[in-house]
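Visitor: One structure follows; several queries about it will come next.
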Amino acid sequence: MNTPLISIKNLAAGYGTNHVLKDISFEVFHGEIFMVVGESGCGKSTLLKNMIGLHRPMHGEIRFRNKNICDFFENDQLYEIQRFFGVSYQQNALFTSMNTLENVCFPLKELTDLSLDAVKKTAEMKLDLVGLGNCGQLYPSQLSGGMQKRAAIARAMVMEPEILFLDEPSAGLDPSSAAELDHLILILSRKLGITFIIVSHDLESIFEIADRMLLLDKETGKIETSGKPASLKAKGSKKVKDFLNRSINKNVRSR
Ligand SMILES: Nc1ncnc2c1ncn2[C@@H]1O[C@H](COP(=O)(O)OP(=O)(O)OP(=O)(O)O)[C@@H](O)[C@H]1O
Ligand SMILES: [Mg+2]
């Protein structure tokens, strides 16, 4: 039996008295593209922030390679775990004062002892991978929305993470840029074996690229359902089918 790369058990998460997520349990396996969906405010970003050790869970376990992330809060050792994670946040996190290449170089400069030359070469390779090989000298303001998302992915990948967490990667993109981004994620997954955990509103994207999805329910703070998108659409409860059909209709992409 395949062992999970990351497993969440009975997680409760939130902020002070706001208990957003309750009794959340699921597993993600190596090489999967796993999508977390649900209506705005249901706790998708909260789940992601707990998984990457940015917020401390209120209850439960998050195990990465069988180590409980919660234990690493005690002794300030979160980096031991976080170095395996690449993250692209919902609010685009490119530094506007740096050009694209400098943005991608940043984690390597901060976190490794690589020479400046090696840093630049590695960053250039990642920009090439996301189709921005010629754009290193451009500033974020000079990139299109889709290019900014790809640059953020290049930066999230620069430390060779095992899991890439992307929070709403296609938000604000036009349909063809969103489809290009889906294609990039598929290529990176299949060619490099990177595991993706993607928070998304974009149901079209789910049917294009997700191996499995998890739907959070805002009312209860629990998992409504999880599984393969196509089979959930065919066999899910009325609530699940309504969610998938409604969102697709609202968000049809031209091809
Ligand atoms: N830093 C914070 N402090 C306090 N409450 C927060 C914080 N971040 C989020 N919340 C609350 O947690 C709940 C879930 O928010 P979250 O951002 O996780 O939702 P989401 O599913 O990612 O929504 P969206 O699709 O709009 O991005 C909301 O009620 C929100 O107000
Ligand atoms: Mg969010």
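Visitor: Calculate, in whole percent, how much of the Cα-Cα pair population of the range 30-92 lies beyond 20 Å.
Guide: Within the range 30-92, distances greater than 20 Å cover 30 percent of Cα pairs.
Visitor: With a 1.4 Å probe and every protein chain left in place, work out the accessible area per residue of the chain in Å², rounded to a whole number.
Guide: Heavy-atom SASA per residue in the chain reads 49 Å².
Visitor: Another question, then. What does the charge add up to near His59, with Lys and Arg as +1, Asp and Glu as -1, over the other residues with Cβ less than 12 Å from its Cβ?
Guide: Local net charge: +1.
Visitor: Taking amide H positions as placed 1.01 Å from N in the peptide plane, with prolines and chain starts having none, which residues 5 or more places from Thr225, or on another chain, fall under 5 Å of its amide H?
Guide: Those lying under 5 Å, H to H, from Thr225 are Leu215.
Visitor: Wrap a convex hull around the Cα atoms of the chain, take a quarter of its surface area, and give that in square nanometres.
Guide: 14.5
Visitor: How large is ³J(HN,Hα), in whole Hz, for each residue of the range 130-136 in order, when computed from phi with the Karplus curve 6.51 cos²θ - 1.76 cosθ + 1.60 and θ = phi - 60°, using x for Gly and Pro?
Guide: 9, x, 10, x, 9, 10, x
Visitor: How large a share of the accessible area of the chain, in percent, is made up of carbon and sulfur atoms when the probe is 1.4 Å and the other protein chains stay in place?
Guide: On the chain, the fraction of accessible area on carbon and sulfur atoms equals 49 percent.
Visitor: Test of understanding: extend the Cα→C-beta vector of Asn2 to 7 Å, then name every residue of the range 215-236 with backbone N under 15 Å from that spot.
Guide: Under 15 Å, as judged by backbone N against the label point of Asn2, lie 227-229 of the range 215-236.
Visitor: Calculate for the chain the 222 nm mean residue ellipticity that helices alone would give, adding -39,500 (n - 2.57) per DSSP H run of length 4 or more and normalising by residue count, nearest 500 deg cm²/dmol.
Guide: -11500 deg cm²/dmol
Visitor: List, in the order given, every pair from Lys49/Lys238; Lys44/Lys241; Lys9/Lys233; Lys126/Lys222; Lys149/Lys238; Lys49/Lys121 whose Cα-Cα distance in the structure shown is over 28 Å.
Guide: Lys49/Lys238; Lys126/Lys222; Lys149/Lys238; Lys49/Lys121
Visitor: Right, here's the next one. With θ set to phi - 60° and the Karplus curve 6.51 cos²θ - 1.76 cosθ + 1.60, what are the ³J(HN,Hα) couplings of the range 31-38 in order, to the nearest whole Hz, using x for Gly and Pro?
Guide: Along the range 31-38, the couplings run x, 6, 9, 10, 10, 10, 10, x Hz.
Visitor: If you don't mind, there's one more thing I want to ask. Using the Karplus curve 6.51 cos²θ - 1.76 cosθ + 1.60 with θ = phi - 60°, what ³J(HN,Hα) values do you get for each residue of the range 226-231, in whole Hz, with x for Gly and Pro?
Guide: Using θ = phi - 60°, the values come out as 8, x, 6, x, 5, 6 Hz.
Visitor: So if each residue of separation counts as 0.36 nm, and I subtract the Cα-Cα distance between Tyr79 and Met58, what length gain in nm does that give?
Guide: In short, 5.5 nm is gained.
Visitor: Please report, in whole Å, how far the alpha carbons of the range 40-167 spread along each principal axis, starting with the longest.
Guide: Here the spans come out as 46, 38, 23 Å, largest first.
Visitor: Classify the range 139-193: rounded, prolate or oblate, from the alpha-carbon gyration tensor (a ≥ b ≥ c, eigenvalue square roots; a/c under 1.5 rounded; otherwise prolate if a/b is larger than b/c)?
Guide: In terms of gyration-tensor shape, oblate.
Visitor: Oh, and also: Loop only by DSSP, 15 or fewer other Cβ within 10 Å of the Cβ. Give me the trypsin sites (Lys or Arg not before Pro) in the range 31-112 that pass, ordered by residue number.
Guide: Arg65, Arg83
The values are calculated or read from the model by the stated rules, or taken from the named source; none is laboratory data. Quantities reported herein were computed from a predicted structural model and do not represent experimental measurements. All Cβ positions, even for glycine, are placed from backbone atoms using ideal geometry, and neighbour counts span all protein chains on display. For accessibility, only protein heavy atoms count, side chains too; no ligands or nucleic acids. Shrake-Rupley method; radii C 1.70, N 1.55, O 1.52, S 1.80 Å.
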